[in-house]
Amino acid sequence: MCDGVLLLVDSVEGPMPQTRFVTKKALALNKKVVVVVNKIDRPAARPEWVVDSTFELFMDLGASDEQCDFPVVYASGVNGIAGMSPDGLADDLQPLFDTIVREVAPPAVAFEQPLQLLVTNIDYDEHKGRIAIGRVSAGTITKGAQLAICSSLEPGKVRPGKVNELFVYDNFSRVGVDEVQAGDICAVTGIQDIGIGETLCSKESPVALPTIKVEEPTVSMTFKVNTSPFAGKEGKYVTSRNIRDRLDRELERNLAMRVEPGETADAFVVSGRGTLHLGILIESMRREGYEFEIGPPKVITREVDGAKCEPYE
């Protein structure tokens, strides 16, 4: 859905463990990487070391010579300033925007071809239901249009759909529009059975784009009702039904997550793409007023060609 990425690294700490995973994915997809050294105004900033550490990370990940020759922008997000050198910061973020325009190629789209939109993400709204998010690769999509839905994994299988509402993104907010042309990222409502990797296309020419795959979970944890002596003192939602309903809502927008029944009726086994993935969910639920117990993380193993294997990064 994107043509380039901004790799944000701290001017003191440098690349973090989670940086490795997302950078690996971006390099594998051959996306243009613009490195942004943030918090350059900190007294302990060491930008040269950070850039060298980022270069070593690229080398460890098997980046090509072209990918290792990445552009670097220095910035202070809290102050809204950026520049091409640590000592030459502008009064705004314009140097960062100029770098993006200069380094990242425009999308390769076909304006005159029939509609094609690959769904790359799913969001969920309590009133609108599932929201398909993707970039229009060809043609134009309009509000109220009748569409065909297909997938490269199921050749020849096509089902109908209708666009109820159409949105684009402006300043991180959704703005309703009547039409979106090729090259723009949009959100579509009205198709409740849509999934990641499916293609929205014109009814006259239902041609699916190559699908994408959601990676399988690697770690699981048990969520269960709090049974400690202090149960009910911190949260508003404490029952198994409360926890189950919240996990069901999470599954609508977090497709890399899995939820299965636990050993007891008040326990649920939640699987995700690592402890950070599950940790974000745990903290979000805590802030929303949910109270529950969690078990230790367990690595998910699988049988591959008769051998027991475990995930690794």
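Just add up the charged neighbours of Val163: K/R +1, D/E -1, any other residue whose Cβ is under 11 Å from the Cβ of Val163. In short, -1. Per-residue 3J(HN,Hα) values for segment 74-88, derived from phi via the Karplus relation 6.51 cos²θ - 1.76 cosθ + 1.60 with θ = phi - 60°, read 9, 8, 10, x, 5, 9, x, 10, 7, x, 8, 9, x, 9, x Hz in sequence order (x marks Gly and Pro). Across segment 120-247, Cα-Cα pairs farther apart than 20 Å form 55% of the total.
For segment 202-313, the percent of C-alpha pairs falling in each 5 Å distance bin, counted from 0 to the bin holding the largest distance, reads 2, 10, 19, 20, 16, 10, 8, 6, 5, 3, 1, 0, 0.
Amide H contacts of Val219: Gly272, Gly274, Ile300, each under 5 Å away and 5 or more positions distant or on a separate chain (H built 1.01 Å from N in the peptide plane; Pro and chain starts excluded). When only the Cβ of Lys, Arg, Asp and Glu is charged (+1, +1, -1, -1), the dipole of the chain relative to its Cα centre reaches about 960 debye. Couplings 3J(HN,Hα) of segment 102-117, computed from phi: 6, 8, 9, 5, x, x, 8, 10, 10, 5, 8, 7, x, 4, 9, 9 Hz, in residue order, whole Hz [Karplus 6.51 cos²θ - 1.76 cosθ + 1.60, θ = phi - 60°; x for Gly and Pro].
Net charge within 14 Å of Asp3 by Cβ-Cβ distance, Lys/Arg positive one each and Asp/Glu negative one each, not counting Asp3 itself? Within the 14 Å Cβ shell, the charges total +2. Between segment 216-254 and segment 120-140, the alpha-carbon centres lie 27 Å apart. Taken along its principal axes, the alpha carbon cloud of segment 33-129 reaches lengths of 51, 37, 27 Å, longest axis first.
The tail of the calculated P(r) for the chain, taken as Cα-Cα distances beyond 23 Å, holds 68 percent of the pairs. The local environment of Gly183, defined by Cβ-Cβ distances under 14 Å, has a net charge of -3 under the rule Lys, Arg +1 and Asp, Glu -1. Computed with a 1.4 Å probe over protein heavy atoms only, the accessible area of Glu293 comes to about 50 Å². Shown in residue order for segment 136-147 are the 3J(HN,Hα) couplings computed by the Karplus curve 6.51 cos²θ - 1.76 cosθ + 1.60 at θ = phi - 60°: 6, 8, 8, x, 9, 10, 10, 5, x, 6, 8, 10 Hz (x for Gly and Pro).
Amide H to amide H under 5 Å from Leu8: which residues, 5+ apart in sequence or cross-chain, H placed 1.01 Å off N in plane? Under 5 Å from the amide H of Leu8 lie the amide H atoms of Val36, each far enough along the sequence or on another chain.
Per the Cα gyration tensor, segment 117-162 maps to an equivalent ellipsoid with semi-axes of 19, 14, 12 Å, ordered largest to smallest.
Normalised by residue number, the volume inside the convex hull of the Cα atoms of segment 225-267 is 84 Å³ per residue. Protein heavy-atom accessible surface, 1.4 Å probe, per residue over the chain: 58 Å². GNM on the chain, C-alpha springs below 10 Å: top fluctuator among Cys68, Cys150, Cys201? For the chain, modelled as a Gaussian network with Cα springs under 10 Å, the answer is Cys68.
Apolar share of the accessible surface for the chain: 51 percent from carbon plus sulfur atoms, 1.4 Å probe.
Counting Cα-Cα pairs of segment 80-184 in 10 Å increments starting at 0 gives whole-percent bin shares of 12, 34, 27, 17, 8, 2.
The values are calculated or read from the model by the stated rules, or taken from the named source; none is laboratory data. The structure presented is a predicted model; accordingly, all values stated were derived computationally and were not measured. All Cβ positions, glycine included, derive from the backbone under ideal geometry; neighbour counts span all protein chains shown. Keep in mind that these areas ignore ligands, DNA and RNA; they rest on the heavy atoms of the full protein, side chains included. Shrake-Rupley method; radii C 1.70, N 1.55, O 1.52, S 1.80 Å.
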